[in-house]
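Let me begin by handing over the structure; questions about it come next.
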Amino acid sequence: MKLSRLPVVGALSLGAACQFAAVSATRAASLHGWLSWRGPNQNGCSLEKNLPDTVDAEHPLWTANLPGQSTPVIANGRLYIMGYVGDGPDLQEVITCLDAATGKQLWQHGYSDFLSDTIYHRYATSSPTIDPETGNVYMQGTQGILAAFTPEGKKLWDLSMMEVYGRLTFPNGRTASPLIDKDLVITRGITANWGAQGPGGDRFYAFDKKTGELVWASSPGAQPHDNSFSLPVLAWLDGRRVFYASTGDGSVVCVNARTGDALWRIPLFKAGINSSVLVHNNDKIIAIYGTPYEPGQMVAMRIPHAVPTNAAAGPIVVPRSEVEMWSNELRTSTSSPILVGDTVYLTSEVGNLAAIDANSGIILWRLKLGIEQRNACPVYADGKLYVPILNEPGQNEHGGEEAAGGKGAFYIVRPSVTGGEILSHVVLDGRCFGVPTVYNGKICVQTSKKLYCFGEKGNNPGLPRETAEEKWPEAGPATQLQIVPAEVLMRPGQTRSFGVRALDANGLTVEEIKDPKRIRWAHYIPPAARVRASMRAEFSELGQLVAATDPVPSAGAFEATVGALHGTFRGRILPGLPIRQDFEAFQLSETTTNNVEPPTPFAYPPLPWIGARFKFEVREKDENKCLVKTIDNRFFQRATVFMGDPDLKNYTIEADLMSEGNKRKMSDAGLINQRYRIVLKGNEKKLEVSSNDELFRSGVPFNWSPNVWYHLKARVDVAPDGTGVLRAKAWPKADVEPAAWTLEMAHRHAHKNGCPGLFGFSPQDMRVYIDNILVTPN
């Protein structure tokens, strides 16, 4: 264990107040409550008093039959939480609003899973967030639906992060919770978008909280090893509004929260880091990492004051050795530490509750509570720690995460300088993945079976007083422009307006530029662009972007100029139905340089398609040009490509498909229709339709051969009552189309819309070929 020689500061006395983290910076709020996952101070700590010392699992204040792994948020007597209802093909992830006093359901919105590989009911791992200004509530679902609702349940907007920005899903289901900062809602995910954002990256996105328009996208890390749901921590650094977060590449990063510019990153680990960081005394970051199979550490690092020479240069990479203050051997894969004054509390990977001196890193004490811990972390209030533990000892110890049943443990512990006193220990129905919420005298915690609320009826006189409005610094001279939306998706002939604001060097708003005559617009091609292309659109005298009417897809960027100030946005124009692509017009002007094949001419796939670059190339095959799945990078062996608008519906998609291979191994090739995947499975020799690989999947035998072209066709029909039928057929391209469908599958909660797309999976180095794509209305 590496430790500094800093003196040990006492843990906390029983009367010590929870530290109001300087980074928390109280908000300009008309609402008070537990508004986000980490609570009012961004560190899992509350100033509330008069909270229970014990709870009775057999006699809670109320329960709700809503399983999940979420944390409730509460304001104005309403509790919002993620969960899931139903099972199998009809499972839906929901955001639910309950009366916080009684548990009565007030409203609920559900979203079906789609095109995901989530397993073992790992749903509702994210938590909603309440905007303190408006009371509106925000969520991100496991499948990447980002949505905003009024307190009364009216949907303000939603968007599919998967289909618009290429957000990927993972079997672990870990999903980031949204974060509100003034006018922005910030979220994150591993995405493979288009253009410069085509490579897979752990990216942060900021949207206008009222409209859902993208304000910025940020790629602060290197190539990710895993997805991360670490919640960013907002702070001020050298006049900039920033956030600190752990990332999927194993780093801790600092990003300008107003612009998305990545300032610096500190590499720590060879796997992704899921635990949220802590900021102590506004001068150090405390992070923890590890996996069940890789040793990890807790480490404190002095906050760097480093700024890149320009935004395009990317973040400054700061070696850990230059900023490390202390480290110890504690580790965790997904549980996060909390901060109380100068003491850090953590439930470690092996189920120990530990207290750590934040100034020295010395482990003050450990208390064994369970055999393992996942996701959940403690909450501190009123001199007590409220601690969920994944499994009650002896319950489900070897069941693995797939065991959705079992029993969880819930402890109330009074910490001191020398140890922790267990005040209460109860067994809950269902495993404990979710973090508790402590507010208004109530303790709420969700398990894999239900949501519990403990406490007394009525309002708690121990609530803390309201805090003063946060004061933001005055902006300096304008140095740059910010265009909103920062990225658009349009159809031919559409018109789009943009907001233009002048920012100072720190990213603070100087003015909103309303007069379109002050702004000059021009097509812009980034200097490092590999595909030099422009949007087929022009700006009108009124300052509106008008897309060309011809049905030709295009993508590119525009630059706005106001005096000496500049700013850019990027966008795509995609035609509606029909969509046709045979690739014959592509010029094969590039040459491969990998080590698995001789130099081969190719062209990049269509620029406006989501998720295509690096995974597919246009090449020559059988005297035709077609789309070919790459095999030189195992990271890209599975590829989903979207080539349209998520609002498209009631269409048929078809294409020619082929896989390389032999009798023993082939790849998988398929199409996507309205959020359903239709795939010719190579090694399994079948035609399969799916939406979630575990809950919604069905197939029939189809003995297709390698190195032979087949034609695949699929359509979705949705009835007015929301039920639907997915139909698919496949046949050798040289044959006549069969009259009957090869496969038909009904779905009670059918997907009503979704992008058309392509799918290829080449785990055994067998290329997939796709040609003659056609999407037509039903």
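The values are calculated or read from the model by the stated rules, or taken from the named source; none is laboratory data. Since the model is a prediction, treat every value here as computed from it, not as a measurement. In this analysis, Cβ positions are derived from the backbone assuming ideal geometry, glycine residues included, and neighbour counts consider all displayed protein chains. Just the protein is used for accessible areas: all its heavy atoms, side chains included, with ligands, DNA and RNA removed. Shrake-Rupley method; radii C 1.70, N 1.55, O 1.52, S 1.80 Å.
From the alpha carbon gyration tensor of region 189-240, can you work out the equivalent ellipsoid semi-axes (sqrt of 5 times each eigenvalue) and give them in Å, largest to smallest?
Over the Cα atoms of region 189-240, the ellipsoid semi-axes are 21, 16, 11 Å.
If you find the alpha carbon centre of region 31-81 and of region 358-395, how far apart are they in angstrom?
After rounding, the separation between the Cα centres reads 17 Å.
What FRET efficiency comes out for residue 329 versus residue 427 if R0 is 41 angstrom and r is the Cβ-Cβ distance? Round to the nearest 0.05.
0.85
Based on the Cα coordinates of region 654-778, what is the per residue volume of their convex hull in Å³?
With only Cα atoms used, region 654-778 gives 103 Å³ per residue.
Please list, short to long, the whole-number percent of alpha-carbon pairs of region 471-562 in consecutive 5 angstrom bins beginning at zero.
Calculated P(r), rounded to whole percents: 3, 12, 21, 21, 18, 13, 7, 4, 2, 0, 0.
Counting only other residues whose beta carbon sits under 12 Å from that of residue 261, what net charge do I get with K and R as +1, D and E as -1? Show your work: numbers first, answer last.
Details: positive: 240, 241, 258; negative: none.
In short, +3.
Counting only C-alpha contacts under 8 Å and six or more residues apart, can you give the relative contact order of region 331-483 as a whole percent?
Here the relative contact order equals 14 percent.
Which of the trypsin sites (Lys or Arg not before Pro) found in region 264-327 are in a DSSP loop and have at most 11 neighbouring Cβ atoms, other than their own, within 10 Å?
Passing sites in region 264-327 are 270.
So, one more: How high is the relative contact order of the chain, given as a whole-number percent (alpha carbon pairs under 8 Å, six or more residues apart)?
11 percent
Once region 387-519 is represented by equal point scatterers at the alpha-carbon sites, with solvent omitted, what log10 I(q)/I(0) does the Debye formula produce at q = 0.14, 0.19 Å⁻¹?
Taken in order of the listed q values, log10 I(q)/I(0) reads -0.79, -1.08.
Describe numerically, in nm with one decimal, the distance between label points set 7 Å from Cα along Cα→Cβ at residue 107 and at residue 752.
Each label point lies 7 Å from its Cα, and together they span 1.5 nm.
A further question follows. Could you work out the relative contact order of region 579-723? I mean the mean sequence separation of Cα pairs under 8 Å and 6+ apart, divided by the number of residues, in percent.
Averaging sequence separation for qualifying contacts and normalising by length gives 16 percent for region 579-723.
Considering only the other residues whose Cβ falls under 13 Å of the Cβ of residue 447, what net charge follows from Lys and Arg at +1 and Asp and Glu at -1?
With Lys, Arg at +1 and Asp, Glu at -1, the neighbours total +3.
Can you check what the net charge comes to around residue 303, using other residues whose Cβ is under 15 Å from the Cβ of residue 303 (Lys, Arg +1; Asp, Glu -1)?
Details: positive: 240, 241, 265, 284, 302, 320; negative: 238, 283, 322, 324.
Around residue 303, the charge tally is +2.
Nearest 500 deg cm²/dmol is fine: what mean residue ellipticity at 222 nm does the chain get from its DSSP H runs of n ≥ 4 alone, each adding -39,500 (n - 2.57), divided by its residue count?
Taking each H run of at least 4 residues, the total per residue is 0 deg cm²/dmol.
Order 204, 702 by their accessible area, 1.4 angstrom probe, all chains in place, largest first.
702, 204
If you roll a 1.4 Å probe over the heavy atoms of the protein chains, what accessible area per residue do you get for the chain, in Å²?
I get 37 Å² per residue for the chain.
Sticking with this structure for a sec: Round to a whole angstrom and tell me the spacing of the C-alpha centers of region 706-766 and region 88-153.
The distance from the Cα centre of region 706-766 to that of region 88-153 comes to 30 Å.
Ignoring ligands, DNA and RNA, what percent of the accessible area of the chain is carbon or sulfur (1.4 Å)?
49 percent
So which trypsin sites (Lys or Arg not before Pro) in region 139-170 are both in a DSSP loop and have at most 14 other Cβ atoms within 10 Å of their Cβ?
154
What label, among (1) 0.96; (2) 1.04; (3) 1.14, belongs to Cα Rg over 2.2 N^0.38 Å computed from the structure on display?
Among (1) 0.96; (2) 1.04; (3) 1.14, the one calculated here is (1).
In addition: What is the extension gain from residue 311 to residue 469, computed as 0.36 nm multiplied by their sequence separation minus the C-alpha to C-alpha distance, in nm to one decimal?
Additional length available on full extension: 53.8 nm.
Apply the a/c threshold of 1.5 to the C-alpha gyration tensor of region 564-655 and tell me whether it is rounded, prolate or oblate.
oblate
For region 733-746, take each phi angle, set θ = phi - 60°, evaluate the Karplus expression 6.51 cos²θ - 1.76 cosθ + 1.60, and give the result in whole Hz per residue in order, putting x for glycine and proline.
Rounded to whole hertz, the list is 4, 6, 8, 7, 4, x, 6, 8, 6, 5, 8, 9, 9, 8.
Out of all DSSP beta bridges in the chain, what portion is antiparallel? Express it as a percent rounded to 5.
95 percent
I've got another one for you. What order, most packed first, do the peptides 429-435, 180-186 have when packing is the mean number of other Cβ atoms within 10 Å of each residue?
Sorting 429-435, 180-186 by mean packing, highest first, produces 429-435, 180-186.
Something else: Find, among the trypsin sites (Lys or Arg not before Pro) in region 434-490, those assigned to loop by DSSP (not H, G, I, E, B) with at most 12 other beta-carbon atoms within 10 angstrom.
Those satisfying the criteria are 457, 465, 471.
So if I take the centroid of the Cα atoms in region 508-570 and the same for region 646-661, what is the distance between those two points in Å?
The two parts, judged by their Cα centres, are 33 Å apart.
Just check region 248-393 against the gyration tensor rule for me: Cα atoms, a ≥ b ≥ c as the square roots of the eigenvalues, rounded for a/c under 1.5, and otherwise prolate or oblate depending on whether a/b exceeds b/c. If you can, show how the numbers build up before the last one.
Working: a/c = 2.08, a/b = 1.77, b/c = 1.17.
Prolate.
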